[in-house]
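The values are calculated or read from the model by the stated rules, or taken from the named source; none is laboratory data. Fair warning: this is a prediction, and the values are worked out from it, not measured in the lab. Cβ placement follows ideal geometry from the backbone for every residue including glycine, while neighbour counts extend to all protein chains displayed. The protein model used for the area step is the full one, side chains on, heavy atoms only, and it has no ligands, DNA or RNA in it. Shrake-Rupley method; radii C 1.70, N 1.55, O 1.52, S 1.80 Å.
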Amino acid sequence: MKHYDIIGNFLLPESVKKANLSYKKGIISYNKLKEAQDNAIRNLIIKQKEYEFPFIYDGHYRRENVTLDFIIPFLHVNYNEEGLFLKGPLTFKSHPLLEEFRFIHSFEDENSHARISIPSPSTFIHIFNNKENILKYYDSLDDFNNDVISIYRSFIKEIYHAGCRYLLLEEEALDYLEETVHINNEVIDNQPQDLIFSTHIQKNQLDYDSYNKIAAYLFTHEHVHSYYIECDHKSSYPLAFLSHLPSDKDVILRLLVANTPFMENEEEIIDRVIEASLYVPLSHLSISTRGEFDTSSLTLSEFQQWEKIQKLKDISEKIWHT
């Protein structure tokens, strides 16, 4: 078992940047854009396999915004400068992510499993903050919530049939903790047992009391298999909140800052993992990069990106001897 992982954006290759710009200017067709994206994703997955990633994915090369690019394709969802709004009841018919996943899945083997990231159902609900617009098409907000649950179930059914067994939920709605967990579980509990759900807690720089309050409820009530947690590699706050984690769940500590060329002190990373192991067995811990390999970064090169990933792999092998 590997104890390192990467989630989020990889640096966007120049070939895709140029293709995106040419497509927006009407210089090339969508098929040419897709060809450039396919080639770049193919090369990325080859590298992911070389570095023995447990999961392969597209580095978000096709996405401008992970949340909006998932939500907007659902029927009757629209978007403008004021935000998301409805033009009718939510409906699932198809979704471009299905085809995108099939492409990733074609590279899957016994050591590399295809995974996708989508906003959690609760994030979908809370990003629609125009209640007046919602109530044009629904008798109540509860009816809207139920339709969100329904379209998620339909989408996940289709992507499961396409071969997906690992789904990462990007969680941004923890200010509504009990409702968030309830809504997510309404989707998760309806799925096949071999579909593995994880949650990425998108909360940066929380103090200990906030993490402790969230973890005490989230870890024990949400029906996912693991959590990706943004975590400072320095001991700026204790990790005792990890003691709330049930014995059958895993935690991935996002420790190495992704979007700068700065290389963290290896011993500080190891010490942070050792601290975490006071509350969670090492066998249920892993490490990852923190933040993303920012596609707008002017300071991080592709070489430095892979140098940082190699560092992550080396530290993992030193801790877990794998």
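Within the stretch 12-29, track down each residue that is open to solvent by 20 Å² or more (accessible area, probe 1.4 Å) and under 12 Å from Arg62 (Cα atoms).
Leu12, Pro13, Lys17, Asn20 - these are the residues of the stretch 12-29 that are open to solvent by 20 Å² or more (accessible area, probe 1.4 Å) and under 12 Å from Arg62 (Cα atoms).
Mind listing whichever residues of the stretch 56-94 are farther than 20 Å from Lys18 by Cα and of a type in the set (Ser, Thr, Tyr)?
Within the stretch 56-94, Tyr57, Thr67, Tyr79, Thr91, Ser94 qualify.
Taking the options Ser15, Ser29, Ser122, Ser106, name whichever one is within 30 Å of Pro261 (Cα to Cα), of a type in the set (Gly, Ala, Ser) and modelled with pLDDT of 95 or more.
Ser15
Just one of (1) of a type outside the set (Asp, Glu); (2) over 23 Å from Phe53 (Cα atoms); (3) out of contact with any strand residue (DSSP E or B) (no Cβ under 9 Å at 6 or more places or on another chain); (4) open to solvent by less than 60 Å² (accessible area, probe 1.4 Å) trips up Ser243, so point out which.
Of the numbered conditions (1) of a type outside the set (Asp, Glu); (2) over 23 Å from Phe53 (Cα atoms); (3) out of contact with any strand residue (DSSP E or B) (no Cβ under 9 Å at 6 or more places or on another chain); (4) open to solvent by less than 60 Å² (accessible area, probe 1.4 Å), the odd one out for Ser243 is (4).
Restricting to the stretch 193-238, what's the tally of residues that are more than 17 Å from Ser122 (Cα to Cα), modelled with pLDDT of 95 or more and either open to solvent by 20 Å² or more (accessible area, probe 1.4 Å) or in a helix (DSSP H, G or I) (or both)?
Residues meeting the conditions: 4.
Please count how many residues of the stretch 125-156 are of a type outside the set (Val, Ile, Thr), at pLDDT below 95 and within 17 Å of the chain's Cα centre (by Cα).
0
So in the stretch 100-126, with the set limited to residues that are assigned to a loop (DSSP other than H, G, I, E, B) and of a type outside the set (Gly, Ala, Ser), which one is nearest to Leu195 (Cα to Cα)?
Arg115
Could you list, in sequence order, the residues of the stretch 276-299 that are surrounded by fewer than 18 Cβ atoms within 10 Å (Cβ to Cβ) and either in contact with an Asp or Glu (Cβ under 7 Å, 6 or more places away or on another chain) or at pLDDT 95 or above (or both)?
Across the stretch 276-299, the qualifying residues are Ser277, Leu278, Tyr279, Pro281, Leu282, Ser283.
Suppose we filter the stretch 1-11 for residues that are buried (at least 20 other Cβ atoms within 10 Å of the Cβ) and in contact with a helix residue (DSSP H, G or I) (Cβ under 8 Å, 6 or more places away or on another chain); how many remain?
So the answer is 5.
Surrounded by 16 or more Cβ atoms within 10 Å (Cβ to Cβ), at negative phi and either among the β-branched types (Val, Ile, Thr) or in a loop (DSSP other than H, G, I, E, B) (or both): is that true of Tyr138 in this structure?
It is true that Tyr138 is surrounded by 16 or more Cβ atoms within 10 Å (Cβ to Cβ), at negative phi and either among the β-branched types (Val, Ile, Thr) or in a loop (DSSP other than H, G, I, E, B) (or both).
From Ile27, Ile46, Ile7, grab the single residue that is among the hydrophobic types (A, V, I, L, M, F, W, C) and part of a helix (DSSP H, G or I).
One residue alone meets the criteria, Ile46.
Could you count how many residues in the stretch 49-97 are open to solvent by less than 50 Å² (accessible area, probe 1.4 Å), of a type in the set (Ser, Thr, Tyr) and either at positive phi or in a loop (DSSP other than H, G, I, E, B) (or both)?
3
Answer yes or no: is there a residue in the stretch 101-118 that is open to solvent by less than 60 Å² (accessible area, probe 1.4 Å) and either free of Cβ contacts under 8 Å to residues at least 40 places away in the same chain or more than 23 Å from Lys34 (Cα to Cα) (or both). Before you say what the answer is, go through the steps one by one.
Start the filter on the stretch 101-118 by keeping residues that are open to solvent by less than 60 Å² (accessible area, probe 1.4 Å), which leaves 101, 103-105, 107, 112-118.
Filter once more, so that each one left must be either free of Cβ contacts under 8 Å to residues at least 40 places away in the same chain or more than 23 Å from Lys34 (Cα to Cα) (or both): 112.
Checked against the condition, which is being open to solvent by less than 60 Å² (accessible area, probe 1.4 Å) and either free of Cβ contacts under 8 Å to residues at least 40 places away in the same chain or more than 23 Å from Lys34 (Cα to Cα) (or both), the stretch 101-118 yields at least one hit.
Condition check ((1) out of contact with any Ser or Thr (no Cβ under 9 Å at 6 or more places or on another chain); (2) without any contact (Cβ under 8 Å) to a residue 12 or more places away in the chain; (3) at positive phi; (4) basic (Lys, Arg)) across all residues:
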{"site": "Val251", "(1), (2), (3), (4)": "no, no, no, no"}
{"site": "Leu285", "(1), (2), (3), (4)": "no, no, no, no"}
{"site": "Glu292", "(1), (2), (3), (4)": "yes, no, no, no"}
{"site": "Thr299", "(1), (2), (3), (4)": "no, no, no, no"}
{"site": "Glu317", "(1), (2), (3), (4)": "yes, yes, no, no"}
